[in-house]
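What follows is a single structure, written as structure tokens, with notes after it.
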Amino acid sequence: MTGSDRPLRLGTRGSPLALAQARMTAQALCAHSGWPQQAIETVIVQTSGDRIQDRALAEIGGKALWTKELDRALVEGEIDFAVHSMKDVETIRPGAIRIAAMLPRADVRDKLIGAESFDALPAGPVIGTSSPRRAAQVRRLRPDARIILFRGNVATRLGKLAAGEAHATLLAAAGLDRLGQSDVGALIPLDIMLPAPSQGAVGIETLSDNRAMLDLLAAINDSDTFDCVMAERAVLKGLGGTCHSPIAALAVVDGAALHLRAEILSADGQERVAEEARIARGDQEAGEAMGRALLDRASPTLRALFEA
């Protein structure tokens, strides 16, 4: 099957969405290579982010809470490759690990759950989210909103909403689509809410020196998705942003180049700095320069959100 006497081991978190994305990855690799499905074994790795649900990520270690256990499993040889939602992958990765491929990107937009639009919400709406980016964007649109912490998987957050803990919440359209819940929520246009960097993208990592695995994964890489997501991640690098920092970015293919947009916001949403440019594919420096340009135009208060 794989040139080995054992299946390839694909590491993933255990949430329903993570497992759906692992199945997509395994199916893509098996379809390309002509393997039966048993050629790939799914290995569930519980992460700190899954275990700790009562606090915001920024308070307990940031995005590494989604990746560090899978990184350890890779380095220690417990798995051969790992699948991630790319927006959960921290900007600076260990040198021993490489982002080897990305699947074709899904819908990048957010959805509002609980109302047809922000205007349709009642006065003083309670909005559940754990995302500083979404919280800031909501406050910009609805300064009267009160934000409360909503963490957990999609079902958990929808359950909190159904229990009346908030008037509305926000979720990624891509995640709902992958869970077969495309009918849930109202899509938010991109000119109203720019998404998180890497939203809607599934990434696959392996060890940097595992040439056989790198070659296998390169065959299923979607180059448009890869180039766009890496440009968005370059903006993050230029900003030096953390999980405390409200950042949105989106790159789309524009002929032979990319059209890249990004914005940073104050926590209350009242200050917004935006940039856009047409950049060459693979031009990481241009993405980083956009991040630095955003900071140069920001007030000292906003800039402080991005300082280590």
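List of remarks:
- Selection of the stretch 144-181 for residues being hydrophobic (A, V, I, L, M, F, W, C) and either without any contact (Cβ under 8 Å) to a residue 24 or more places away in the chain or in a helix (DSSP H, G or I) (or both) yields I147, I148, F150, V154, A155, L158, L161, A162, A163, A173, A174, L176.
- Exclusive hit being out of contact with any strand residue (DSSP E or B) (no Cβ under 7 Å at 6 or more places or on another chain) and not in a loop (DSSP other than H, G, I, E, B), set L294, L260, L216: L216
- Here the helices (runs of 4 or more DSSP H) wholly within the stretch 1-116 that include at least 3 residues being modelled with pLDDT of 90 or more and open to solvent by less than 30 Å² (accessible area, probe 1.4 Å) are 16-33, 64-75.
- Hits in the stretch 150-172 - residues which are within 19 Å of the chain's Cα centre (by Cα) and farther than 15 Å from L112 by Cβ: R151, G152, N153, A155, T156
- L216 vs. criteria over 28 Å from L103 (Cβ atoms), buried (at least 19 other Cβ atoms within 10 Å of the Cβ) and in contact (Cβ under 8 Å) with a residue 12 or more places away in the chain: no
- Residue among G282, G269 that alone is open to solvent by less than 40 Å² (accessible area, probe 1.4 Å) and either part of a loop (DSSP other than H, G, I, E, B) or closer than 22 Å to I147 by Cβ (or both): G269
- Filter result for E276 (outside any helix (DSSP H, G or I), within 29 Å of F226 (Cβ to Cβ) and of a type in the set (D, E)): yes
- Which listed residue, of V252, V184, is in a strand (DSSP E or B), more than 14 Å from the chain's Cα centre (by Cα) and within 30 Å of L10 (Cα to Cα): V252
The values are calculated or read from the model by the stated rules, or taken from the named source; none is laboratory data. Here the structure is a predicted model, which means the values were calculated and not measured. Note that each Cβ is placed from the backbone with ideal geometry, even for glycine, and that neighbours are counted across all protein chains shown. Heads up: the accessible areas ignore ligands, DNA and RNA and are worked out on the full protein's heavy atoms, side chains in. Shrake-Rupley method; radii C 1.70, N 1.55, O 1.52, S 1.80 Å.
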